[in-house]
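Everything below concerns the one structure shown next.
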There are 2 protein chains.
Amino acid sequence: MSARGGIDLGGTKIQAVVVNGRGTVIGDARHQTPANGGPPAVTAEMAAALGEAAAAAGVETSSLVSVGVGSPGVIDAAAGTVASARNLNDWIEPFPLAAELSKAVGGAPVSLGNDVSVATDAEFKLGAGKPYKSVLGVFWGTGVGGGIVLNGKPWNGRGAAAEIGHIVVKKDGARCPCGREGCLEAYAGRGSMEAKARREAEQGRKTDLFKIMEKKGRTRLTSGVWAKAIDDGDELAIELVDRAISYLGAGIGSAVNLLDPEAVVIGGGLGVRFGQPYVERIRQAMMPHVFADERPPEVLLAALGDLGGATGAALLRPERPKPARRSVGDGARSRARR
Amino acid sequence: MSARGGIDLGGTKIQAVVVNGRGTVIGDARHQTPANGGPPAVTAEMAAALGEAAAAAGVETSSLVSVGVGSPGVIDAAAGTVASARNLNDWIEPFPLAAELSKAVGGAPVSLGNDVSVATDAEFKLGAGKPYKSVLGVFWGTGVGGGIVLNGKPWNGRGAAAEIGHIVVKKDGARCPCGREGCLEAYAGRGSMEAKARREAEQGRKTDLFKIMEKKGRTRLTSGVWAKAIDDGDELAIELVDRAISYLGAGIGSAVNLLDPEAVVIGGGLGVRFGQPYVERIRQAMMPHVFADERPPEVLLAALGDLGGATGAALLRPERPKPARRSVGDGARSRARR
């Protein structure tokens, strides 16, 4: 049996999968991320979600060859710790997630990776990026994350590459959740879009966004809330999504001018929810900014959908001892994010 | 004897060097680029400049192991042609530069490369980028060119990567010479800066920029003209250079967020002319945009100065036959530029 486990740890959801030797999902489960109890509560919930996915796949978690986690925050894969995961409850100091989760799932070895890097890797190896050697992954969700594969290999720089959400699309522009000005995420991140919608609503702008949110029993403008508002013809929602798309076009165009990849894969909560028609709109918004526009990259919808992050995590392999000369933060091994 | 020739073909200048086996310049010469006569006149002038450099080095051009050319325009290195070199006189159709120049210099084999790519390669192998494995080259001149080295190898994408001048720094912003809006080059390219200065002067803004230009016998605002105007405290010149620097900071910050290189090397006509104090100003303008600002890249002045492009060209090796599966435009071999 060569089943592996993968967990995508998000601020609102924990997505777990079990994949077979070919990377095909044979069981999956989704839990809410605990809003209280800090890292131990989150770890317990991850184990529970993985247990459910394993049960669906007909295996024991203890028999999994490996368990990978795609995590936000600052990951030290060698040490097996996650720190500064600011959209998780009370998770600032380094927490030994690999060791604690391994215990909680019956001893399977746990590897940690950056959430967006593993999702890009999954799309590259198994999803929309499969036919290509050089791929830019763009994950349009609460923030705007990126992943880069060049000549078949992930490019992580010194551990902080692919921050497409923090490309400057408008110098002296809107304030980004990261504290800087004019970043792509300040216009296109779902968090920024929600903040802008709230400001507009407070100033008397008519919108059903927040009514839809309440009706759905949500406390945030989720991708589903945005989708419903757009279906209903809500003007503010349409305007803010149009704006996000136009800035995504500029930011992705910039990245294409720098990297000249064969393909751009659009994923993330909003990307997956809105689907192909919006990927086409993003492509159209990108084209006016592409320098080599006689030969633009393909722009494709992520093929693994909501399961991409967890599937990519399942592809993580247990860390091997590193040669001493390897610099700290090399590869995807330690990466600071929000 | 292992002397090699290198020529940097620019819109205003032809810079030729002869280097020894270690890449050290042992002879150099600079000629004006002919403004008439099209490709044949330019080729003859390149041969003359190389002859002068060879004479200074005490060698015959016919004895050179190889001659490399860093060229603007669309280069087909395999075919040995250059097309669409729009800042050269009457050079739109593909011209067999490699064959014609080889004839004119007594038979030495001629290789063609992209001007900015070869300059980056020179800084990486012999200049300021030597201690690093991943380098972003930024060439601040008439336009803003870029070159990327990742893990010790040039990254050219499908032939059109590293177009840092066409990163969007201000969506819906100033018109770029490339026809697009809001590109870095629209704010920081010397061509755009001159156009803006002319518009301001026509609208009655006081400036000595054009007087200095005439006094120097120039028809364009060269780097020397800008430097003199700034030394004289010309307010418009100071303002436009400040503006260029602030946009360079945003554009380079974006590229750093995407690539996370170890070092950024600043070259080009303006970069080299303004020197270290301005490199420091560019670094300061970049920092507010760098996401992983606890570990920013080094920002360094190009060490090879005006000779970097020609030295990099001298490092070019004659083209080997390509395997059939290699895609057209792979590597630095065919690259569209202005």
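The values are calculated or read from the model by the stated rules, or taken from the named source; none is laboratory data. Everything numeric here is computed off the predicted structure, so don't read it as measured data. Ideal geometry is used to build each Cβ from the backbone, glycine not excepted, and the neighbour counts take in all protein chains shown.
Here are some notes:
- Flag if A:GLY113 is within 12 Å of chain B (Cβ to nearest Cβ), in contact (Cβ under 8 Å) with a residue 60 or more places away in the chain, surrounded by 23 or more Cβ atoms within 10 Å (Cβ to Cβ) and part of a strand (DSSP E or B): no
- Residue match in the range B:138-149 (condition: at pLDDT 95 or above, within 13 Å of chain A (Cβ to nearest Cβ), in a helix (DSSP H, G or I) and within 14 Å of the chain's Cα centre (by Cα)): no
- In the set (1) among the small types (Gly, Ala, Ser); (2) part of a helix (DSSP H, G or I); (3) over 14 Å from the mean Cα position of the chain (by Cα), A:ALA119 fails one condition alone, (3).
- Residue within the range A:214-224 that is in contact (Cβ under 8 Å) with a residue 12 or more places away in the chain, touching a helix residue (DSSP H, G or I) at 6+ places or on another chain (Cβ under 8 Å), more than 14 Å from chain B (Cβ to nearest Cβ) and assigned to a helix (DSSP H, G or I) present: yes
- Of the set (1) surrounded by fewer than 22 Cβ atoms within 10 Å (Cβ to Cβ); (2) more than 21 Å from the chain's Cα centre (by Cα), all apply to A:THR24 but (2).
- Yes/no for A:ARG158 being among the charged types (D, E, K, R), farther than 28 Å from A:GLU235 by Cα and buried (at least 18 other Cβ atoms within 10 Å of the Cβ): yes
- Verdict on A:ARG175 being loosely packed, with under 14 Cβ neighbours inside 10 Å, under 28 Å from A:SER254 (Cα atoms) and modelled with pLDDT of 95 or more: yes
- Filter pass, B:LEU101 being surrounded by 22 or more Cβ atoms within 10 Å (Cβ to Cβ) and within 14 Å of another protein chain (Cβ to nearest Cβ): no
- When the range A:199-246 is limited to residues that are small (Gly, Ala, Ser) and within 23 Å of A:CYS176 (Cβ to Cβ), the one that is farthest from the chain's Cα centre (by Cα) turns out to be A:ALA201.
- Residue within the range A:231-238 that is within 12 Å of chain B (Cβ to nearest Cβ), buried (at least 21 other Cβ atoms within 10 Å of the Cβ), outside any helix (DSSP H, G or I) and not aromatic (Phe, Trp, Tyr) present: no
- The residue pairs whose first member lies in the range B:235-253 and is not assigned by TED's automatic domain parsing to the domain that holds B:LEU209, whose second member is at pLDDT 95 or above and buried (at least 24 other Cβ atoms within 10 Å of the Cβ), and whose beta carbons are closer than 8 Å, counting only pairs six or more residues apart or on different chains, do not exist in this structure.
- Flag set for A:ALA53, criterion: in a helix (DSSP H, G or I) and small (Gly, Ala, Ser).
- Output for the range A:248-281, where each listed residue is within 14 Å of another protein chain (Cβ to nearest Cβ), hydrophobic (A, V, I, L, M, F, W, C) and surrounded by 24 or more Cβ atoms within 10 Å (Cβ to Cβ): A:LEU248, A:ALA250, A:ILE252, A:ALA255, A:VAL256, A:LEU258, A:LEU259, A:VAL264
- Count - residues of the range A:192-215 that are buried (at least 20 other Cβ atoms within 10 Å of the Cβ) and touching an Asp or Glu at 6+ places or on another chain (Cβ under 8 Å): 3
- Meets criteria (in contact with a Ser or Thr (Cβ under 7 Å, 6 or more places away or on another chain), touching a residue at least 60 places away in the same chain (Cβ under 8 Å) and assigned by TED's automatic domain parsing to the domain that holds B:GLY271) for B:GLY73: no
- Residues located in the range A:1-18, provided they are touching a residue at least 40 places away in the same chain (Cβ under 8 Å), within 19 Å of A:ASN89 (Cα to Cα) and not small (Gly, Ala, Ser): A:ILE7, A:ASP8, A:LEU9, A:THR12, A:GLN15
- In the range B:283-306, of all residues being assigned to a helix (DSSP H, G or I) and at pLDDT below 95, the one that is surrounded by the fewest Cβ atoms within 10 Å (Cβ to Cβ) corresponds to B:GLY305.
- Failed criterion for B:LYS133 (all others in (1) assigned to a helix (DSSP H, G or I); (2) surrounded by fewer than 24 Cβ atoms within 10 Å (Cβ to Cβ) hold): (1)
- Any pair with Cβ under 9 angstrom, 6 or more apart, that starts in the range A:19-43 at a residue that is over 25 Å from A:ARG86 (Cβ atoms) and touching a residue at least 12 places away in the same chain (Cβ under 8 Å) and ends at one that is basic (Lys, Arg) and surrounded by fewer than 17 Cβ atoms within 10 Å (Cβ to Cβ): A:GLY23/A:LYS125
- The range B:31-90 - residue that is among the charged types (D, E, K, R) and modelled with pLDDT under 95 and, of those, surrounded by the most Cβ atoms within 10 Å (Cβ to Cβ): B:ASP76
- Residues being aromatic (Phe, Trp, Tyr) and under 18 Å from A:GLY267 (Cα atoms) - total across the range A:188-227: 1
- Meets criteria (away from every other protein chain (no Cβ under 13 Å), in a loop (DSSP other than H, G, I, E, B) and modelled with pLDDT of 95 or more) for B:ALA128: yes
- Among the residues of this structure, A:LYS170 does not count as one that is more than 11 Å from chain B (Cβ to nearest Cβ) and at negative phi.
- Test for A:LYS228: is it more than 14 Å from chain B (Cβ to nearest Cβ), assigned to a helix (DSSP H, G or I), basic (Lys, Arg) and in contact with a helix residue (DSSP H, G or I) (Cβ under 8 Å, 6 or more places away or on another chain): yes
- Taken together, B:ARG199, B:ARG180 contain a single residue that is within 14 Å of another protein chain (Cβ to nearest Cβ) and out of contact with any Leu (no Cβ under 8 Å at 6 or more places or on another chain), which is B:ARG180.
- Residue satisfying condition, being in contact with a strand residue (DSSP E or B) (Cβ under 9 Å, 6 or more places away or on another chain), without any contact (Cβ under 8 Å) to a residue 60 or more places away in the chain and not assigned by TED's automatic domain parsing to the domain that holds A:ARG283, within set A:ALA99, A:ALA162: A:ALA99
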